[in-house]
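No lab work stands behind these numbers, since they all come straight from the coordinates. The model shown is predicted, which means the values in this text are computed figures rather than measured ones. For neighbour counting, all protein chains shown are included, and Cβ atoms are generated from backbone atoms with ideal geometry for every residue, glycine included.
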């Protein structure tokens with residue numbers, strides 16, 4: 001039995017003892033496990049266990065140096081092995097992922113800009129880390145994160161056409177000029193002609209007005225965004241106007257989830273279940289003609305009981321059924337904003353930890369760090385979001401697709 005296996009075996013025996021379990025913390029367990037993984041990695045690297053002599057040994061141990069590791073279970077004291085020749089640092093303890101670095105950077109930025117020490121201490125404790133982090137480390141972390149996020153926000157987008165684009169916004173609280181205000185974080189994702197998705201861009205502004213959305217979309221176009229056939233979003237007036245102005249020739253799909261919420265908002269409580277079920281039948285139709293006919297039937301059914309809902313549904317017919325002009329195999333992917341909504345939920349989970357950001361740059365740093373990782377995962381995903389063969393008619397044979405009217409400006 002190797003040294004690290006023996007140590008882990010001893011730890012397991014300790015945990016089986018009821019009295020020992022009471023005095024053995026999660027941090028102790030985690031520390032012992034990490035320490036043994038470090039020793040195992042070193043043994044594999046140099047080709048020998050502690051005290052073992054082998055003909056293929058490449059280096060010799062030379063004691064240890066202490067290192068404190070902050071983990072969700074608390075601070076763990078470790079011993080990093082040293083070598084007589086060369087250096088060793090375990091891969092297990094490589095610098096934290098971007099998002100973890102970003103969260104630390106935001107917390108320390110809050111310290112620097114005068115956010116309540118008690119609130120920041122609560123954040124640090126919520127992370128399970130009591131040792132804190134030095135300002136020099138914060139500066140180094142911020143520099144690395146900001147460089148990565150800048151690449152994401154400035155990179156060219158002309159490597160492939162982006163057939164489908166999803167746009168959405170979420171709101172965060174930011175301290176600015178001595179006040180806490182709500183700001184919009186807007187995000188764009190797209191499906192490339194090869195079927196993979198990417199994060200296209202992110203920005204922060206005071207509100208989702210037309211000017212802000214127009215500037216954001218023009219930035220994407222200036223970076224090479226092209227080939228957009230359909231934009232999926234909610235029915236925000238400023239966003240719709242910006243799409244019409246900047247992405248001319250692209251159709252607009254009103255997110256069916258947001259649309260249903262808007263319809264239910266004007267329905268009386270006792271009729272909401274009926275309205276929801278009736279609207280859902282529209283999207284269960286097999287083709288465009290059937291979907292349009294079903295929508296009109298639903299309108300007729302709702303006029304006697306919910307005339308306001310019927311009027312709204314009739315008005316949104318073209319926008320709600322824009323997806324039917326595209327291949328049916330794509331419908332479930334493009335009739336709502338669900339892909340970006342899931343991303344927004346993850347963003348909110350991360351930003352809720354901070355609650356109030358010290359400045360807009362901290363928002364971009366934290367959100368951007370997450371989006372860098374998300375975009376990398378989307379591009380490298382083993383499965384395409386949409387089959388490439390089904391996208392070919394939309395990129396190479398555009399004349400086969402019926403002309404799609406742009407969304408009217410509101």
Item to check | Paramagnetic reach from residue 144 in segment 34-65 [backbone N under 19 Å; point 7 Å along Cα→Cβ] | outcome: none
Checklist outcome for this item: Label model pair residue 276, residue 215: point-to-point distance (7 angstrom along the Cα→beta-carbon line) in nm is 3.9
Checklist entry - Distances over 24 Å make up what percent of all Cα-Cα pairs in segment 288-384? => result 51
Item to check | Whole-angstrom gap from segment 181-252 to segment 300-327, using each part's C-alpha centre | outcome: 25
Checklist outcome for this item: For segment 262-337, shape from the Cα gyration tensor axes a ≥ b ≥ c, cut at a/c of 1.5 then a/b versus b/c, turns out prolate
Checklist entry - So between residue 317 and residue 52, what do we pick up on full extension, going 0.36 nm a residue minus the alpha carbon distance? => result 87.7 nm
Checklist entry - Can you give the extra length, in nm with one decimal, that the chain gains between residue 284 and residue 89 once fully stretched, where that is 0.36 nm per residue apart less the Cα-Cα distance? => result 64.5 nm
Item to check | Estimated distance in nm for a label pair at residue 379 and residue 207, the labels positioned 7 Å out from Cα along Cα-to-Cβ | outcome: 3.6
Item to check | Inter-site label distance for residue 356 and residue 77 at 7 Å from Cα along Cβ, in nm | outcome: 3.8
Checklist entry - Which length gain, in nm to one decimal place, applies between residue 392 and residue 325 when the Cα-Cα distance is subtracted from 0.36 nm times their residue separation? => result 22.6 nm
Checklist outcome for this item: Ranked output for segments 174-180, 360-366 by mean other Cβ atoms within 10 Å, highest leading, reads 360-366, 174-180
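How do 372-382, 53-63, 190-200 rank on mean C-beta neighbours within 10 Å, highest first?
Ranked from most to least packed, the peptides come out as 190-200, 372-382, 53-63.
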